Amino acid sequence: MSATPIQQWLDEYCQESSGVAAGVVVLAESAGVEPALAAATNADVAQAEGLRSVAGETFKTQAPVLRQGDGLKSGSESGSRVISVPLKMGEQPVGAIALELNAAQKNSSESMVLELSRATDAFAKSLSEAVVQRAVADAARLLEFQEPLLTHQTLREGATALATELASVLKLDHVSIGFRDRTYSRVEAVSSFADFEQGARVFKLISIAMDEAIDQSATVAHPSVQEDRPRINVAHAELGKHRSCAVCSVPVVDDGQTIGAITFERGGESAFSRHEVADFEQIVSVVGPVLHLKRETERSWHWRLGRAIADMAARFVGPGHVVSKCVAAGALLVVCASVLVTTDYRIGAPARLEGSVQRALVAPSEGYLESAYVRPGDKVEAGQVLVELARQDLELERRKWESELSRHENAAPAALARGDRSEFVISQAFAEEARAKLGLVEEQISRASIVAPFDGVVIMGDLSQTLGAPVRRGDTLVTVAPANEFRLILEIDERDIGDIAVGQAGHLALGAMPDRNFEFQVHRISPVAQARDGRNYFEIECTLEESLDAMRPGLQGVARIVVDQRSFAWVVTHRLIDWMRIAAWSLGV
């Protein structure tokens, strides 16, 4: 590829304009297409990539751009500025121009933008449409070198296809693509292995040559190219001597980061021309981002994690990033404070109120339910009749035994009067039996009325809808509990039961009285776990320090037991840490 009119104009403009350190021109076929690098002057790879990015932004917005040039890295000096203006053919946008001004340039950025705009307008008028179309086509043709990378699945296959195509299109003997791995480069792909008789030796020389270009963040060639800034090319000279060829290595840069290099080799001792080197740099600027993307997608997850940690550390340690550093310092301060500051470690659990004593009143015998005078929630007094069973059968039974008793009592004197001693004894025995049966029936009649054993409240037993139903002996009819004597039952999760001890204090909030807190103490810990709703818990019995008339057995709420003082960080994270320990043990870690 020979020097284009655009390259010649850019070279002349940068030489004639004082204070211009480097420049690039980008062209595109239409407004919706990403512009490609068409020309570059005095710019190393990193500078060219940074200027191309600024020029691409100008092309999209079609407005001049002014910014500091420190972000271009590499050869950019501190205090430099970057200006960029759009390039138009009439009213049709075709590209953009970006220049880096060194710190010695005293003219204002606005005046430099105006001067550059005039120069580009004059240059655009002098260009023929055919020249621009050819330049645009050359720039678009560069994008075709991305195709081998995009059509192959793996990085090695795509890089090998790219190296082969570059060697074929550029009429070169060999093209090698490598990446920097920590402190040295590793060759990833080459265009041909045909004459690699000493493969290991050659690969080592190529890797060293790539390192030489990467370390300088600039294109390095042997024999040297006529340029303003000479480069160290000792490794390239050794490779050229060993292979009897001209060598040129161009660093691969993406987003200001040098990730590798591409080495071009051509047999013979003739040096690469300046324009050939510029072509190499333009090609690398186009394929570099795709190579980087391919490489990143094949990275392992632990490498990505380490890279993310390293990038984060660089943000905190390196210059700038004031906001990130303030956030990190604040986060560190919060963590340290949470470790040093102690707070109450409380264990929360569902709670319910129960009567201190619960008396179940059961059916004394089989029969039928006749009357029910109370329902759950009713207050009762000692001796108050709560439930009555039907007495009809028992009354008939009583009259039967009364008749039997009267008959045997009358038969005994008659037998005595006749002098029948045996009949007298038998009549007395039957009379005693009837008397006992009568006493039993009378006792059953008296027990047919179920009375309250003490003052309290009915907590179970709504019999109003089952009057007349049969009951069996021992069936629970009503449950009564003292009205103002309660015990508190807490359901402590199995993960927290180890921290609970008898005598610990806590606070209770009932759902019916959320505005009041009631103090309590742990009285007894159940040694047996229970399961419900997919969780295991232990019931612990607690004693309330006070009670209110509004309290009723069965009320539910939430209780918190104060264990001791622990660090705030431990209180917040101990559940997560315990879960991670169990998970790690389950996985055998």
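The values are calculated or read from the model by the stated rules, or taken from the named source; none is laboratory data. Because the structure is a prediction, the values reported are computed rather than measured. Methodologically, a virtual Cβ is constructed for each residue, glycine included, from the backbone with ideal geometry; neighbour enumeration extends over all protein chains shown.
Some points to look at:
- Test: Ala96 is in a strand (DSSP E or B) and at pLDDT 75 or above: yes
- Residues that are within 26 Å of Ala43 (Cβ to Cβ), at pLDDT 90 or above, surrounded by 15 or more Cβ atoms within 10 Å (Cβ to Cβ) and within 47 Å of the chain's Cα centre (by Cα) are absent from the range 189-204 altogether.
- When we screen Val131, Val136 for residues that are surrounded by 15 or more Cβ atoms within 10 Å (Cβ to Cβ) and either of a type in the set (D, E, K, R) or modelled with pLDDT under 70 (or both), the only hit is Val136.
- Residues located in the range 326-369, provided they are under 47 Å from the mean Cα position of the chain (by Cα) and assigned to a loop (DSSP other than H, G, I, E, B): Val341
- Members of the range 420-440 found to be touching a helix residue (DSSP H, G or I) at 6+ places or on another chain (Cβ under 7 Å) and closer than 13 Å to Glu404 by Cβ, listed by number: Ser427, Phe430, Ala431, Ala434, Arg435, Lys437, Leu438
- Test: residue in the range 271-293 that is under 25 Å from Arg307 (Cβ atoms) and among the basic types (Lys, Arg): no
- Cross-chain or 6+ apart pairs with Cβ under 7 Å, the range 468-497 first and over 30 Å from Glu366 (Cα atoms) and outside the structural domain of Gln384 (by TED's automatic domain parsing), then modelled with pLDDT of 85 or more and part of a loop (DSSP other than H, G, I, E, B): Ile492/Ile500
- Considering the range 539-589, and only residues there that are loosely packed, with under 14 Cβ neighbours inside 10 Å, of a type outside the set (A, V, I, L, M) and free of Cβ contacts under 8 Å to residues at least 40 places away in the same chain, the residue that is nearest to Gly506 (Cα to Cα) turns out to be Glu545.
- Meets criteria (surrounded by fewer than 23 Cβ atoms within 10 Å (Cβ to Cβ), under 41 Å from the mean Cα position of the chain (by Cα) and more than 13 Å from Asp44 (Cβ to Cβ)) for Arg274: no
- From Phe272, Phe280, Phe316, Phe264, residue being at pLDDT 85 or above and in a helix (DSSP H, G or I): Phe280
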